[in-house]
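Read through the structure below, which is laid out as structure tokens, and then see the notes.
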There are 2 protein chains.
Amino acid sequence: MSSWVPGAAGSGYDVDHLPYGVFVTAGAPARVGVRVGGFVLDLAPLTAMHQLERAEVFRADSLNPFLDAGFAVWQRTRTWLGELLTQQEHRDTVEPFLLPVEDVSPRLPLVVGDYVDFYCSEHHATNVGRIFRPDGEPLQRNWRHLPVGYHGRSGSIVVSGTDVVRPCGQRLESDDSVGFGATRRLDLEAELGFVVGGSPTAQPVPPADLAERVLGVLLLNDWSARDIQAFETVPLGPFLGKSFATSVAAWVTPLAALADARVQLPRQIPEPQPYLQVAQPAGYDVDLEVWVNDTLVATPPYASTYWSPAQMLAHLTVNGASLRPGDLFASGTVSGPARHQRGSMLELSWGGTEPFAMADGGTRTFLEDGDQVTLTASAPGALGGRLRLGEVRGRVLPALDGR
Amino acid sequence: MSSWVPGAAGSGYDVDHLPYGVFVTAGAPARVGVRVGGFVLDLAPLTAMHQLERAEVFRADSLNPFLDAGFAVWQRTRTWLGELLTQQEHRDTVEPFLLPVEDVSPRLPLVVGDYVDFYCSEHHATNVGRIFRPDGEPLQRNWRHLPVGYHGRSGSIVVSGTDVVRPCGQRLESDDSVGFGATRRLDLEAELGFVVGGSPTAQPVPPADLAERVLGVLLLNDWSARDIQAFETVPLGPFLGKSFATSVAAWVTPLAALADARVQLPRQIPEPQPYLQVAQPAGYDVDLEVWVNDTLVATPPYASTYWSPAQMLAHLTVNGASLRPGDLFASGTVSGPARHQRGSMLELSWGGTEPFAMADGGTRTFLEDGDQVTLTASAPGALGGRLRLGEVRGRVLPALDGR
């Protein structure tokens, strides 16, 4: 049943979605809201009035207290919101707390603890391998045995709408000398991020516990400076080539909203170690769109991923690593098998060698100053339509000193 | 002038040191203290009584509010403590707040934001290169151009005295198949960590600002599972081979206490990029000791490091990465040129091929269950003796399921 909220039906933000975020309005502190149709429901006063269990978690300036509260609270909150927003009898109570989405300013939805980025797309990893090692095996020996990942910089995570300054760093010049300056190969990476909640633990989390440990999903752009990354990355991995900024959407789509988006993933050969074995369907049929300015440059399908979110979570905890509410892990670049499904400009321009066309008649290999990157995504919802995930958007500003 | 505190003179904890930490006593909440002689000075009630500027930062259960307060507050606090602890007139006021160190339980001194581990010792990087690539160039192309680093897992940082469970993970077996189980190559890494404070920023921090951005230094053991690390590490760097635990000392030695420990570092060729150029002396003459049970297995000299702390900080921020109070960056394994100065068992046993003798008549290549690792260190202080840095200690527990 659709919501009574005007315009909710068919908007991508009906009651089968209900993504959470943090927002401010003029003169009032940041607080938690849920998106429905063209509105944001102001949860703090509404839940206080209803004396809802843990109402105080919605008065916070981040989702972290709600993340701490854990799975049972997430479930009951979603059930309660579904009732309020579909039953006409609640309309008079709820309507005063619906704010037009254009009247609120979104904030970073969570204070991120540890941020891990994975490398789960076989098509992406294969493309990267072919670009950088054209004569070798494209996938490393470990790739089909475990989801390869690394830690990123939590403090550099910014919310959609934040400008990104072109970073400077060291790089190999064309004559093979080492230089310093603004990156010449600024890239985007279209990813999905998974937001962790529940009690802190330092025990392995089995794949079956994904739904209890992950509140939801958000779009993530893992900005990358390919020349800086290339020079620094051996042997300890990406560092300054990534740590200048990672953009996330303002709205977290509950994992519960993606129940109808679950899909079977490609068969994994060799069979994973027992700690990585998942019940199918372990994938999510989320279709991404990558926009640079007014050009739709790619449509990566998350259904094509090799390693599933449940496997990422099981892997990152199998060694007894800490897991805290507010931790974030991401898929790595989502790329599908087709050329137009590649989730990075590195792949779309095949290492910068094949410029691609833009709607304005120009071409790109990597991002130029002033370019705006927007990631959007949709997935099948429980009401038969498609959920629209919160977009992630950012514009490239010139390097600080113009080098 | 030495402190009037009984036993402070010559203890390594006289007024030229004054390391900060967080502790609890029976029935009372965690709070900030400063170590002097065999005592911990309970700063919260003392500063409240004196109506000291920002006294509330010492009532916190971490150093983070003090880190937020910034350089000017650190300076004034140190001056004030020096006066209180040397001038006899303050003795009656201060003595009630001196708690015997054996009566307090230390806690993790800070909530770590982002944790970056570097690879700054030329001797260590050369040894590792020779062990893993005996026929190649030991140092990578980038090594003399920039301090190589990567992000570690903040949530897995534990305080000295915390047991460490042997982690499980995937590794190559001797027949070159892929297996899963408890690491067979559990190692220690003797490092120094640097604790960041001051206002959050996303601007490059020049090397000259080190003292204003770093409250102090602590010993750090970057536990490593070499077989897990070896299998996972290409191409994105160390992950589960490190993320199970990183141990830090309970006491943060102020950078101001190491003014007399500053030393000239080895000349850097090629000359670093301008953003990495430092005024000499940029090094610190801190002598580390690595103990496994009752055996002193190594004495790594931090004075032998190639990249200085000021350069690590400048490098990690040059791309506009965030810097927040509570961030931590570490030196990487400290190894000197001599065999007995190697700061990891990987190096001491040359990749496991050369077992070394223990005091009990046994030998080691890597750590065994039950082994206790203790790192200690000392440095010249302003009063002519040596400061003793807070030790970092941890015992290895068997893997969870005995595999």
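The values are calculated or read from the model by the stated rules, or taken from the named source; none is laboratory data. Because the structure is a prediction, the values reported are computed rather than measured. A quick note on method: Cβ atoms are made from the backbone with ideal geometry, for glycine too, and the neighbour counts reach across all protein chains shown. The accessibility values were calculated without ligands, DNA or RNA, using every heavy atom of the protein model including side chains. Shrake-Rupley method; radii C 1.70, N 1.55, O 1.52, S 1.80 Å.
Amide H contacts of A:Val158 (H built 1.01 Å from N, in plane; Pro and chain starts excluded): A:Thr246, A:Ser247, A:Val248 sit under 5 Å, all sequence-distant by 5 or more or on other chains. Taking springs between alpha-carbon atoms closer than 10 angstrom, which of A:Thr126, A:Thr162, A:Thr353 fluctuates most in the Gaussian network model of chain A? It is A:Thr353. In nanometres and ascending order, the distances from the A:Pro355 label point to those of the other copies are 6.5 (point 7 Å from Cα along Cα→Cβ). Test of understanding: in a Gaussian network model of chain B with alpha carbons linked when under 10 Å, which of B:Asp92, B:Asp14, B:Asp327 would top the mean-square fluctuation ranking? Among B:Asp92, B:Asp14, B:Asp327, the largest mean-square fluctuation in the Gaussian network model of chain B belongs to B:Asp92. With its label point put 7 Å out from Cα toward Cβ, B:Leu397 sits 4.8 nm from the same residue's point in the other copies, in order from shortest.
For B:Ala55 and B:Ala9, a Förster radius of 30 Å and the Cβ-Cβ distance give a FRET efficiency of 0.60, rounded to the nearest 0.05. Modelled spin-label separation between B:Ala338 and A:Ala72, with each label point placed 7 Å from Cα along the Cα-to-Cβ direction: 6.1 nm. In sequence order, region B:149-165 has phi-based couplings of x, 7, 8, x, 8, 4, x, 9, 7, 10, 7, 3, x, 7, 5, 10, 7 Hz under the Karplus curve 6.51 cos²θ - 1.76 cosθ + 1.60, θ = phi - 60°, and Gly or Pro positions carry x.
Computed extension length for B:Asp175-B:Asp369: 67.4 nm, one decimal, from 0.36 nm per residue of separation with the Cα-Cα distance subtracted.
Selection among B:His145, B:Phe118, B:Thr201 by position relative to the dipole of region B:117-203 gives B:Thr201 as farthest towards the positive end (Cβ unit charges, Cα centre). Taking chain B as the reference, fit the longest principal axis to its C-alpha atoms, fit the long axis of helix B:122-132 to the helix C-alpha atoms, and give the angle between the two in degrees, 0 to 90, nearest 10. With both axes taken from Cα atoms, the answer is about 30 degrees. The H on the amide N of B:Trp251, modeled in the peptide plane, is under 5 Å from the matching H of B:Gly390, each at least 5 residues off or on a different chain. Here the spin labels are modelled as points 7 Å beyond Cα on the Cα-Cβ line, and at B:Ile269 and B:Ser199 they lie 4.3 nm apart. Each part gets one Cα centre, and for region A:29-82 versus region B:291-362 those centres are 47 Å apart. What percent antiparallel are the DSSP beta bridges of chain B, to the nearest 5? Of all bridge pairs located within chain B, approximately 90 percent are antiparallel.
Multiplying the residue separation of B:Arg107 and B:Asp294 by 0.36 nm and subtracting their alpha-carbon distance yields 64.8 nm.
For chain A, the 222 nm mean residue ellipticity estimated from helices alone, with every DSSP H stretch of n ≥ 4 adding -39500 (n - 2.57) and the total spread over all residues, rounds to -4500 deg cm²/dmol. Would you mind telling me the share, in percent, of accessible area of region A:300-403 contributed by carbon and sulfur at probe 1.4 angstrom? Within region A:300-403, the accessible surface is 51 percent carbon and sulfur. Both chains summed, the buried accessible area for B and A stands near 4900 Å², from protein heavy atoms and a 1.4 Å probe. Compared with its chain on its own, region B:300-319 contains the following residues whose accessible area drops by 50 Å² or more in the full protein assembly (probe 1.4 Å; ligands, DNA and RNA excluded): B:Asn319. Dividing the Cα radius of gyration of chain B by 2.2 N^0.38 Å, with N the residue count, gives 0.98. Where chain A is carried onto chain B by rotation, the Cβ closest to that axis, with its residue and distance in Å, is A:Gly237, 1.
Computed with a 1.4 Å probe over protein heavy atoms only, the accessible surface of region B:209-341 comes to 27 Å² per residue. Charging the Cβ of each Asp and Glu at -1 and of each Lys and Arg at +1, and nothing else, the dipole of region A:183-253 about its Cα centre rounds to 160 debye. Shown is the FRET efficiency for A:Trp80 and B:Ile131, computed with R0 = 60 Å from the Cβ-Cβ distance and rounded to the nearest 0.05: 0.50. B:Pro29 label point (Cα plus 7 Å toward Cβ) to equivalent points in the other copies: 1.7 nm, shortest first. Over region B:99-196, accessible surface divided per residue gives 35 Å², non-protein components excluded, 1.4 Å probe. For the protein assembly as shown, a simple Cβ point-charge model (Lys and Arg +1, Asp and Glu -1, everything else neutral) yields a dipole of about 340 debye relative to the Cα centre. Note on B:Asp163 and A:Glu95: their simple-model spin labels are 6.2 nm apart, each label 7 Å out from Cα toward Cβ. In order along region A:44-51, the phi-based Karplus estimate (6.51 cos²θ - 1.76 cosθ + 1.60, θ = phi - 60°) of 3J(HN,Hα) comes to 4, x, 5, 6, 5, 4, 8, 6 Hz; Gly and Pro are listed as x.
In this structure, the amide hydrogen of B:Ala298, modeled 1.01 Å from its nitrogen in the peptide plane, lies closer than 5 angstrom to those of B:Val290, counting only residues at least 5 positions away or on a different chain. Using the Karplus relation 6.51 cos²θ - 1.76 cosθ + 1.60 with θ = phi - 60°, the per-residue 3J(HN,Hα) values for region A:110-118 come to 8, 8, 7, x, 9, 10, 10, 10, 9 Hz, with x marking Gly and Pro.
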